[in-house]
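The values are calculated or read from the model by the stated rules, or taken from the named source; none is laboratory data. Note that this is a predicted model, so its numbers are computed, not measured. Cβ sites come from the backbone with ideal geometry, for glycine too, and all protein chains shown count toward neighbours.
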Amino acid sequence: MDRPTSPSAPSRPAEPTHTDLRWKGRGAPFSGTPTSPGRGLPFTAPSSSAHGLPIPSPLRSTPIGEWWNSDVLAVEEESIKYGGGPTVSDAYTINGLPGPLYPSCSINRDTFIQTVEPGKTYMLRVINAALNDELFFAIDGHNLTVVEADATYVKPFSTPAIMITPGQTTTVLLTTRCTAPARQSFALAARPYVTATQAPFDNSTAVGFIHYSKSIPPVSSLPRTLPRNLPRLRDTAFATDFSNKLRSLASAEFPCKVPKEVDKEVFLTVSLNLQDCCGNCTCKGPDSKRFAASLNNQSFVRPPISILQSYYSKNGTLLEDFPERPTNPFDYTAKTAPGTNMNAEHGTRLLAVAYGTRMEVVLQDTSFINADNHPIHVHGHNFFVVGRGFGNFERERDRTGYNLEDPQERNTVAVPSGGWAAIRLTADNPGVWFVHCHLEVHTMWGLGVGFVVEGGADESQSNLPPPDDLPKC
Ligand SMILES: [Cu+2]
């Protein structure tokens, strides 16, 4: 759905390269390429060597992926066909390697080990390239200093671990011990942050090591203990505290351009749904129904022709009438009563705004089927996370607590399980953009919307027209 914007479109850090159309795009252990904020460093430069890059070379990019022993597209197809939950993954990977806790792997060949020297600072660029899992990541016995999230610098802070959702990037600095420790190897590990209470998940842990030596030892000689500072599976307190520590630099050189006033307020419920099974169908979801997912009970259907193409041709097939608030408000986070109608409406209604609209969007999780932590991603725009909380959002109460001074700027926000997140953005990137959950299974079930930003008055504020050689079929 994305396409290049006009030459004068506002410059902003690019997000990691990824695709959201099918599982194939991210169902690979090396998917996701981090990008940098692109200007000078606002923190002390790591001591690892530079390679002519605008910023010092990182220790390495560290994609954390998810692995299926079976064909991942077949897993997706099976779920689409029958509407049941997909088979969970078999492993997580660190730089494509699952590590020694998976018995069917070769521990020496399939374990990530990075040698380090004492007294140095290294930069790790962590990417969550998993399809369906938020993850915790930690290095045993070492704190990490967070300096960047989603290609935007943050006020540096020290943390024993990080929580990262699919599609997010986090750059951390690792300062090694001043002198070589007696114990040379320290485990680093990734395991899921779990919020859903009834859904199956891949309860395994990817492990690698940093090693204080110039040579790599046999993995069989390394300790099997997990990092003591790795949060437990359901450590929502840690995840919340970590997210709340992320703040923009908000300095003269790196100003925070959060809209202080807004022109439009949008309220979106984020839900999983259960769809009644059609007459002659076989449905393998709960109660012999199909899973679906939605925003304001609208489950997104991808049209056969690209939305941007329809938008330009004005062929009348798409309506810009997406509901900007729930049609039938309810107690969003209350336990769902048995027999509740959990059907969504299916279609391709679009959310459209004028160029330059300053927007506030409140994303409200619901307890339909399962409250869950949903990483909501906006293409084409960075946004500011001005507030997060648990329970139902109450406008008069919760708006008073917004951070409008140094809110984190990013492109994927973790909406708390059973809670809400408020984001603000200026819609100044004309085009049609996909807004969706970055748990790929939820996007597959329809948790997304096409977001239209109209062109501005000036030609330079409009999207480029389709190329002359655009294929007709
Ligand atoms: Cu989701």
Among the residues of the stretch 284-301, are any under 24 Å from the mean Cα position of the chain (by Cα) and more than 25 Å from Ile80 (Cα to Cα)? no
Restricting the stretch 368-394 to residues that are within 22 Å of Tyr332 (Cα to Cα) and surrounded by fewer than 20 Cβ atoms within 10 Å (Cβ to Cβ), the residue that is farthest from the ligand (Cβ to nearest atom): Glu394
Could you please let me know if Ala292 is surrounded by 14 or more Cβ atoms within 10 Å (Cβ to Cβ), modelled with pLDDT of 95 or more and touching a Leu at 6+ places or on another chain (Cβ under 8 Å)? yes
Out of all the residues in the stretch 437-458, which are crowded, with 24+ Cβ neighbours inside 10 Å, within 9 Å of the ligand (Cβ to nearest atom) and among the aliphatic types (A, V, I, L, M)? Leu439, Leu447
Select, from Lys214, Lys260, the only residue that is more than 26 Å from the chain's Cα centre (by Cα), on the phi < 0 side of the Ramachandran plot and more than 16 Å from the ligand (Cβ to nearest atom). Lys214
Taking only the stretch 337-347 into account, find how many residues are buried (at least 18 other Cβ atoms within 10 Å of the Cβ) and away from the ligand (no atom under 16 Å from the Cβ). 0
Among the numbered criteria (1) in contact with a Lys or Arg (Cβ under 8 Å, 6 or more places away or on another chain); (2) free of Cβ contacts under 8 Å to residues at least 60 places away in the same chain; (3) of a type in the set (Asp, Glu), which one does Asp406 miss? (2)
Within the stretch 367-384, how many residues turn out to be in contact (Cβ under 8 Å) with a residue 60 or more places away in the chain and within 17 Å of Thr236 (Cβ to Cβ)? 6
Does Cys283 satisfy being part of a loop (DSSP other than H, G, I, E, B), touching a strand residue (DSSP E or B) at 6+ places or on another chain (Cβ under 6 Å), in the same structural domain as Gly356 (by TED's automatic domain parsing) and over 30 Å from Thr145 (Cβ atoms)? yes
Please work out if Phe136 is touching a helix residue (DSSP H, G or I) at 6+ places or on another chain (Cβ under 8 Å), of a type outside the set (Val, Ile, Thr) and within 18 Å of Asn373 (Cβ to Cβ). yes
Where residues in the stretch 279-304 are under 23 Å from Thr336 (Cα atoms) and without any contact (Cβ under 8 Å) to a residue 40 or more places away in the chain, which of them is nearest to the ligand (Cβ to nearest atom)? Asn296
Which numbered condition in (1) part of a loop (DSSP other than H, G, I, E, B); (2) surrounded by fewer than 20 Cβ atoms within 10 Å (Cβ to Cβ) is the only one that Gln309 fails? (1)
Look through Pro416, Pro407, Pro465, Pro430 and report the one residue that is over 22 Å from Asp263 (Cβ atoms) and away from the ligand (no atom under 16 Å from the Cβ). Pro465
Identify the single condition in (1) within 21 Å of the chain's Cα centre (by Cα); (2) surrounded by 22 or more Cβ atoms within 10 Å (Cβ to Cβ) that Phe434 does not satisfy, given that it satisfies every other one. (2)
Restricting attention to the stretch 408-432, the residues that are among the β-branched types (Val, Ile, Thr), over 13 Å from Asn244 (Cβ atoms) and modelled with pLDDT of 95 or more number exactly 4
In the stretch 357-367, which residues are buried (at least 24 other Cβ atoms within 10 Å of the Cβ) and either among the hydroxyl-bearing types (Ser, Thr, Tyr) or modelled with pLDDT under 95 (or both)? Thr366
